[in-house]
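Reading through the structure tokens given below for one structure.
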2 protein chains.
Amino acid sequence: MTDQPGRALAAFASQLRFDSIPPHVVERAVNLYVDWLGSALGGKGARPVETLARFAHAARGAPQAPGPCDVIIDRSRTSAYFAAMMNGAASHFIEQDDVHNGSVLHPATVVFPVTLALAQALGSSGREFIAASVAGYEVGIRVGEFMGRSHYKIFHTTGTVGTIAAAAAAGRLLNLTPAQMLDAFGSAGTQASGLWEFLRDAADSKQLHTAMAAANGLMAAQLAADGFRGARRILEGAQGMAAGMSSDADPAKLVDRLGQRWATVETSFKYHAACRHTHPAADALLAVIGTYRLNPGDIEDVTAHVHQGAIDVLGSVSVPRTVHQAKFSMGTVLGLVACRGHAGVNEFEHDYVASDVAAFRERVTMALDEQVDRAYPARWIGKVSVTTRDGRTLHGRVDEPKGDPGNTLSREEIAAKFVRLAAFSGAASEKEAQRLLDAAWGIADAARVGGLFGEEAGV
Amino acid sequence: MTDQPGRALAAFASQLRFDSIPPHVVERAVNLYVDWLGSALGGKGARPVETLARFAHAARGAPQAPGPCDVIIDRSRTSAYFAAMMNGAASHFIEQDDVHNGSVLHPATVVFPVTLALAQALGSSGREFIAASVAGYEVGIRVGEFMGRSHYKIFHTTGTVGTIAAAAAAGRLLNLTPAQMLDAFGSAGTQASGLWEFLRDAADSKQLHTAMAAANGLMAAQLAADGFRGARRILEGAQGMAAGMSSDADPAKLVDRLGQRWATVETSFKYHAACRHTHPAADALLAVIGTYRLNPGDIEDVTAHVHQGAIDVLGSVSVPRTVHQAKFSMGTVLGLVACRGHAGVNEFEHDYVASDVAAFRERVTMALDEQVDRAYPARWIGKVSVTTRDGRTLHGRVDEPKGDPGNTLSREEIAAKFVRLAAFSGAASEKEAQRLLDAAWGIADAARVGGLFGEEAGV
């Protein structure tokens with residue numbers, strides 16, 4: 001291992017070429033992009049997202065001439081900076097965007113807002129877009145793993161580390177040299193922020209975190225291209241990110257099998273529309289219900305056997321006060337799964353406080369499980385114990401929740417989810433969604449990443 | 001003390017009225033504003049400042065219609081967001097802006113960029129401008145004291161805490177309710193960032209920190225005014241700023257004598273154009289040189305007896321590679337003081353690597369002093385020991401460095417510094433500087449905070 005792992009990681013990101021990315025990684029990157037675009041459409045109309053969009057439009061200073069970059073929720077066109085900000089805000093709201101288990105990073109919502117906006121601004125090719133997006137994933141995931149579990153206890157990794165991922169992606173599209181890429185990391189890392197405190201109030205900060213991780217990462221790369229210098233060891237230095245915000249950082253993670261291990265394909269798609277920490281238990285409960293053909297009324301109580309990270313993030317929510325907060329309530333998620341068969345956007349929207357779901361919620365507890373905790377974050381094992389009204393204790397276990405790399409979504413499932421999210425928010429008609437999908441599946445072959453909407457795109 | 005000190009602090013900021021601020025505090029706030037405006041003018045032409053300005057203009061997306069707010073370095077007019085960003089970048093570069101000892105916060109560079117821009121955008125009165133600026137100072141200083149010395153070891157408090165100060169100032173001008181102000185604190189605190197790592201590379205992050213503290217704080221307040229919710233306990237909560245970034249936070253500091261103690265008047269003006277941590281020793285050395293009528297050649301070596309914070313911040317710079325880095329080199333500052341009699345902007349620009357100054361630099365060491373360290377950060381005591389070539393050991397001590405509240409600058413000294421900084425950067429002719437000064441001294445009485453330049457202002 002190098003004694004300057006941050007420098008090696010920056011060099012990797014700046015030199016990553018489309019031709020060196022294996023075809024299965026490219027295919028997965030396209031799938032992740034399509035999945036992300038659906039999540040961004042799904043954010044339309046959400047109050048925090050729309051508020052951030054109003055801020056962005058006003059900060060630019062209306063009325064202004066249109067820019068080259070799409071704002072997905074309102075189909076306006078603005079500068080790359082504000083498009084990254086608004087699309088970053090939109091794509092995390094519905095809690096359906098992807099997640100990488102080992103780093104507990106949501107890469108799509110901080111990477112694709114930047115690569116889409118910047119590729120549109122620069123007229124980049126689809127191949128350049130894919131290479132830059134993969135650079136963002138590979139960097140962000142390794143930095144998330146480097147920062148460790150102690151970081152995630154207090155900090156929202158997608159906000160903090162996401163800034164570096166966004167800078168890497170933007171830097172690749174801007175053809176930064178290795179030294180400039182390191183500058184970009186420096187300017188991104190010194191802006192890294194995002195605290196979990198907002199969760200206990202059901203505050204709106206999660207959208208702010210992704211919006212600003214995308215915008216600040218883009219800014220860091222653009223500044224670096226113009227000669228603005230950043231700290232050379234912002235990740236591992238004595239007054240850097242790990243020194244300030246982690247107690248178990250491992251620099252070896254930064255350079256873990258660069259160019260051989262493709263962390264991009266380790267990324268999980270979300271099936272349930274909730275915090276990923278609830279998914280393993282939800283799948284395990286579905287397995288028990290399916291195996292033993294239980295009705296919700298048959299169930300006396302459920303214990304979800306979880307890793308500590310789930311307790312840290314979900315533990316602050318007892319009775320959810322908003323749809324968004326309900327997505328961080330283990331009881332609500334298991335209640336929707338048990339009572340409605342699915343915890344999707346529509347179930348949350350209509351039923352998160354329905355009386356049967358709320359009653360079920362009160363019968364759910366979480367317990368720390370040593371085995372599950374040891375495996376985490378590399379593996380997110382789902383285990384539940386169900387006590388039935390007739391006195392049985394039934395156990396369920398799922399080793400790879402639906403959407404995980406070994407249990408991934410098919411293109412048909414991703415497309416169905418896309419259409420569902422677009423319809424849910426009203427961001428695109430079914431016909432428009434189909435056209436958006438057709439274009440998105442072909443992004444890697446595009447000579448130029450153009451507009452998503454309007455005559456140019458046929459939507 | 002309340003059990004929700006953050007809430008009490010937000011309520012104070014949202015309810016602070018001009019009429020409740022004592023006249024001597026108003027007068028000092030005007031002096032601090034004038035001093036800040038000089039520093040902002042002084043940043044013109046500095047590479048990191050100009051690079052950030054190019055980014056900001058491009059992020060808005062040129063060509064655009066002018067906005068209502070002045071960019072001080074180029075006299076363009078833009079939106080409040082970008083004016084706050086660019087003026088925040090400009091006013092910290094020259095290392096002549098103010099500092100509050102107890103909090104180790106530079107309030108002006110994060111508060112005035114926001115209050116000036118927003119007051120221009122809203123057409124606020126001078127009284128509203130002053131009340132908002134004082135709110136920013138009072139809040140920022142208390143939050144800096146709350147975060148403690150452990151925070152400052154890794155984090156650049158002006159970047160992190162500055163975001164809250166900026167939000168408080170903007171929130172006051174926007175007439176936020178106490179609940180909205182708490183929302184603004186939440187959105188600001190979850191964006192708090194800024195790491196010292198950049199210092200060891202002479203990187204450009206310091207300007208990025210102040211630019212984004214101002215812009216993000218303004219954003220947080222504007223979002224709050226539009227209903228965007230923030231964490232209620234972002235400062236003191238279990239997953240808040242102190243939990244993540246401090247090990248010695250003291251919540252009582254947040255509400256220390258609100259409305260009775262005016263922290264604004266505790267703020268020090270900078271006399272030397274260097275990091276404040278060098279000033280006590282520089283003044284003590286000047287005292288020794290003056291008392292014993294020494295020439296630089298009489299001096300064998302100098303030991304600066306300092307607090308630990310000075311070693312943390314200055315310790316990483318041995319041989320400075322840039323003018324900016326030289327301002328963090330104790331040896332260079334003492335060398336300029338000894339060889340040139342003054343460590344001002346012109347001395348740094350021309351002589352930071354002059355052979356006599358560099359040779360003197362090599363004869364300077366820092367040593368931790370228990371007494372000085374115990375008094376810090378409430379008092380910044382300057383102590384030096386000088387060994388002369390003829391074998392004497394001379395001691396010098398200054399209890400209040402020049403510019404400290406007990407040894408403050410007169411209006412004449414502030415005006416002279418202003419004209420010197422404007423001339424240094426070429427941001428304003430002497431005649432223009434005089435007109436800017438005339439208007440700035442009268443800001444509290446302005447019916448409306450208008451433009452600084454052009455016909456409107458007579459510059």
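The values are calculated or read from the model by the stated rules, or taken from the named source; none is laboratory data. Remember, predicted model here, so these are calculated numbers, not experimental data. Cβ: placed from backbone, ideal geometry, glycine included. Neighbour counts: every protein chain shown. Side chains included, ligands, DNA and RNA excluded: accessible areas come from the protein's heavy atoms. Shrake-Rupley method; radii C 1.70, N 1.55, O 1.52, S 1.80 Å.
Quick one: is A:GLY171 closer than 22 Å to A:ASN87 by Cα and open to solvent by 10 Å² or more (accessible area, probe 1.4 Å)? No; evaluated as a whole, the condition is false for this residue.
Results for (1) basic (Lys, Arg); (2) more than 21 Å from the chain's Cα centre (by Cα); (3) not assigned by TED's automatic domain parsing to the domain that holds B:LEU286, shown as yes or no for each residue.
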site: B:GLY382; (1), (2), (3): no, no, no
site: B:ARG389; (1), (2), (3): yes, yes, no
site: B:ARG392; (1), (2), (3): yes, yes, no
site: B:GLY396; (1), (2), (3): no, yes, no
site: B:ALA427; (1), (2), (3): no, no, yes
site: B:ILE443; (1), (2), (3): no, no, yes
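Count of the stretch A:339-355 residues, restricted to those that are touching a Phe, Trp or Tyr at 6+ places or on another chain (Cβ under 7 Å) and either more than 19 Å from A:ARG276 (Cβ to Cβ) or open to solvent by 40 Å² or more (accessible area, probe 1.4 Å) (or both), is 2. Taking the conditions (1) open to solvent by less than 30 Å² (accessible area, probe 1.4 Å); (2) free of Cβ contacts under 8 Å to residues at least 60 places away in the same chain in turn, A:GLY406 satisfies each one other than (1). Of the residues making up the stretch B:141-163, those that are open to solvent by 10 Å² or more (accessible area, probe 1.4 Å), more than 17 Å from the chain's Cα centre (by Cα) and under 18 Å from B:ASP256 (Cβ atoms) are B:GLY148, B:ARG149.
One residue alone among A:PRO107, A:PRO178 is open to solvent by 10 Å² or more (accessible area, probe 1.4 Å) and more than 28 Å from B:GLY217 (Cβ to Cβ), and that residue is A:PRO178.
Of the helices (runs of 4 or more DSSP H) lying entirely inside the stretch B:89-194, those containing at least 3 residues that are at pLDDT 95 or above and of a type in the set (Ser, Thr, Tyr) are B:126-154, B:157-173.
How many residues, within the stretch A:184-199, are within 27 Å of A:ALA326 (Cα to Cα) and more than 7 Å from every other protein chain (Cβ to nearest Cβ)? So the count comes out to 1. Checked against (1) of a type in the set (Gly, Ala, Ser); (2) touching a helix residue (DSSP H, G or I) at 6+ places or on another chain (Cβ under 9 Å); (3) more than 21 Å from B:ALA273 (Cβ to Cβ), B:ALA358 passes all but condition (3). Quick check on the stretch A:47-69: of everything there that is more than 8 Å from chain B (Cβ to nearest Cβ) and open to solvent by 10 Å² or more (accessible area, probe 1.4 Å), which residue is nearest to the chain's Cα centre (by Cα)? My answer is A:GLU50. Exactly one residue out of A:PHE112, A:PHE93 is open to solvent by 20 Å² or more (accessible area, probe 1.4 Å), under 15 Å from the mean Cα position of the chain (by Cα) and at negative phi, and it is A:PHE93. Every condition in (1) within 11 Å of chain A (Cβ to nearest Cβ); (2) modelled with pLDDT of 95 or more holds for B:ALA202 except the one numbered (2).
The residues on offer are A:GLN191, A:GLN260, A:GLN180, and the sole one that is more than 29 Å from B:ALA184 (Cβ to Cβ), free of Cβ contacts under 8 Å to residues at least 40 places away in the same chain and not basic (Lys, Arg) is A:GLN260.
Among the conditions (1) in contact (Cβ under 8 Å) with a residue 40 or more places away in the chain; (2) facing chain B (nearest Cβ under 10 Å); (3) open to solvent by 10 Å² or more (accessible area, probe 1.4 Å); (4) not aliphatic (A, V, I, L, M), the only one that A:LYS253 does not satisfy is (2). Within the stretch B:153-169, the set of residues being within 13 Å of chain A (Cβ to nearest Cβ) and without any contact (Cβ under 8 Å) to a residue 60 or more places away in the chain comprises B:HIS156, B:THR157, B:GLY159, B:VAL161, B:GLY162, B:THR163, B:ALA167.
Would you mind stating whether B:ARG397 is touching a helix residue (DSSP H, G or I) at 6+ places or on another chain (Cβ under 7 Å) and open to solvent by 30 Å² or more (accessible area, probe 1.4 Å)? Yes, satisfied. Taking first residues from the stretch B:111-135 that are in contact (Cβ under 8 Å) with a residue 12 or more places away in the chain and partners that are in a helix (DSSP H, G or I) and basic (Lys, Arg), the Cβ contacts under 7 Å between residues at least 6 apart in sequence or on separate chains come to B:ALA131/B:ARG172; B:ALA132/B:ARG172; B:ALA135/B:ARG172.
Looking at the structure I just gave you, is A:THR210 within 10 Å of another protein chain (Cβ to nearest Cβ), in a helix (DSSP H, G or I) and hydroxyl-bearing (Ser, Thr, Tyr)? The answer is no for A:THR210. If we scan the stretch B:317-326, do we find a residue that is at pLDDT 90 or above, under 22 Å from the mean Cα position of the chain (by Cα), buried (at least 24 other Cβ atoms within 10 Å of the Cβ) and on the phi < 0 side of the Ramachandran plot? Taking every residue of the stretch B:317-326 in turn, at least one turns out to be at pLDDT 90 or above, under 22 Å from the mean Cα position of the chain (by Cα), buried (at least 24 other Cβ atoms within 10 Å of the Cβ) and on the phi < 0 side of the Ramachandran plot.
Listed here are the helices (runs of 4 or more DSSP H) enclosed by the stretch B:338-420 that have at least 2 residues being farther than 30 Å from B:LEU37 by Cβ: B:355-361, B:370-375.
Given the structure, is A:ALA231 farther than 20 Å from A:SER150 by Cβ and facing chain B (nearest Cβ under 9 Å)? So A:ALA231 passes the test. Filtering the stretch B:257-283 to residues that are among the hydrophobic types (A, V, I, L, M, F, W, C) and within 24 Å of B:ARG420 (Cβ to Cβ) leaves B:PHE269, B:ALA273, B:ALA274, B:CYS275, B:ALA281, B:ALA282. Counting only residues that are part of a helix (DSSP H, G or I) and buried (at least 20 other Cβ atoms within 10 Å of the Cβ), the stretch A:3-25 holds 8 of them. Among the conditions (1) within 14 Å of chain A (Cβ to nearest Cβ); (2) outside any loop (DSSP other than H, G, I, E, B); (3) within 18 Å of B:SER425 (Cβ to Cβ), the only one that B:PHE82 does not satisfy is (3). Candidates are the residues of the stretch A:291-310 that are part of a helix (DSSP H, G or I) and open to solvent by 50 Å² or more (accessible area, probe 1.4 Å); the one that is farthest from A:HIS395 (Cα to Cα) is A:GLN308. Across the stretch B:204-235, what is the number of residues that are in contact with an Asp or Glu (Cβ under 7 Å, 6 or more places away or on another chain), of a type outside the set (A, V, I, L, M) and open to solvent by less than 10 Å² (accessible area, probe 1.4 Å)? Looking only at that region, the number is 2.
Under the condition of being more than 9 Å from chain A (Cβ to nearest Cβ) and open to solvent by less than 50 Å² (accessible area, probe 1.4 Å), which residue from the stretch B:236-250 is farthest from A:ALA58 (Cα to Cα)? My answer is B:ALA249.
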